[in-house]
Every structure is written in C-alpha cells, then in structure tokens.
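The values are calculated or read from the model by the stated rules, or taken from the named source; none is laboratory data. Note that the structure is predicted; figures quoted are calculated from it, not measured. Cβ sites come from the backbone with ideal geometry, for glycine too, and all protein chains shown count toward neighbours.
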Amino acid sequence: MPRHEPELLKLAGLMALLILIFGLVPAPAIAGCSDAPRAGVDWNGCAKLRVRLGGEDLSNAQFDKSNMQASDLSDTLLVGSSFVGTDLTRASLKNADLTRANLTKAHGNRTNFTDARMVKADLRKAELQRSNMTNVDFTGADLSKAELGRVEFAGAKLHQTNLRYANIARARFIGASLVEVDFSGAYTLLTRFEGSDLTQTSGLTQEQLGIACGDDETGVPAGLQAPASWPCEPDD
C-alpha cells in the first residue's frame, strides 16, 4: 500500500461523514417570489412593482427590502407584516390595516396611507416624504427619527405616538388629534400646526415653535408662548 493511502482513506471517510451530516440539515428557506398572495407569504427581496393586492389577507407577510413601487394594497389586511427597507414609492395603502406592522427604514415618496390603521406600527427611520397620511390612526406608533417632510397628517390620530428626532419639516397637522405625542428633538421647520391643540404633547421647546407655523387657534403646551411670527405665510 502506498505510504499516503491511509491518509487519503481517512480524508475520504471524513468527507463522506460531512456530506451525510450536512445532507440532513434543511436548506435555508428561500423567498417564494412567485407564490400567490396569502397570509404569511414570504416575498422578501422580491420585485412586486404595480401589483394589485387590494382586499387580500396578507397578515404576517414578509416584504423586507422588496420593491413595491406603485403597487395597490388598498383595503389589505397587513397586521404584523414586515416592510423593513421596502420601497413603497407611490404605492397605495389606503384603508389598509397595518396594526403592529414593521416599516423600519421603509422608504418612498408620495405613498398613500389615507385612512390606514397603523396602531403600534414601527416606522423608525422610515423615509416617507410627501406621503399622504390623512386620517391615519397612529395610536402607540413609533415614528422616531423618521423622514416625514411635507407629509399630510390632516385628521390623523396621534395618541401616545413617538416622533422623537423625526424630521417633520413642512408637514401638516391641521385637524390632527395630538394627545401624548412626544416631539422631543423633532425638526419643525414650517411645520403646520394651525388650529392644532398641542397642550397635551411633550418635548416641544420654544425654539421648535419658533420655526413652526400656528395661528390664534393653536394651543401651545404649558410654559411656552405662541411666537410673534405666527401666522406664517401660506405654504407653497
């Protein structure tokens, strides 16, 4: 027997053992981009541009880092679903139920969330500039450090909502219900608070009010004063 043959036999046996072991380990799950829409579907990283999913039950579905530009998810059940890093540019989620949904770092301009339910949703560091969030229920939601410039919050319910360090420049809160909202560190340049009641909010400073917009009907928190610069010129 050649001198190196025992070593080769040992190596072959070891490789066979490894193949046997790893052959018993299940392969990692792969997103089923061609799977039909259903609750719990895994569309992570999938291209789902301009798809129509209105009225579907997509509870606990996975859309992380997927491309959903211009897709229609109106009236869709999305309770507990995940949209981490998802592109929602010009998508419609009108009247969708996004209770406890995770939209961390989701991004997209002009996304339509009108009348959606986003109770306890996570929107930390989301970038949703110029989106329509009219009449959205944000009770208990976390929007800290989100980019929300020029977002329309008219009629929205923001109770116990976290807006710490969010960029809400030129956003409109006219007619919104602002109860126990935390505005600590929020960027409020020309934020529209006309007619809003801020008396039950926290974290606002005189400096934040000074660069924001209000009017005679804006209620300011205790210890602060309505700036002499109010009211602002009409927004362009």
Legend entry - Matching option when the condition is touching a His at 6+ places or on another chain (Cβ under 8 Å), assigned to a loop (DSSP other than H, G, I, E, B) and over 24 Å from D42 (Cα atoms), among T134, T114, T139: T139
Legend entry - From the options E180, E194, residue that is modelled with pLDDT of 95 or more and in contact with a Pro (Cβ under 9 Å, 6 or more places away or on another chain): E194
Inset, instruction - State yes or no: is G195 closer than 20 Å to R124 by Cβ and part of a loop (DSSP other than H, G, I, E, B)? - result: no
Legend entry - Filtered residue count, the stretch 201-211, keeping only those that are surrounded by 14 or more Cβ atoms within 10 Å (Cβ to Cβ) and at negative phi: 7
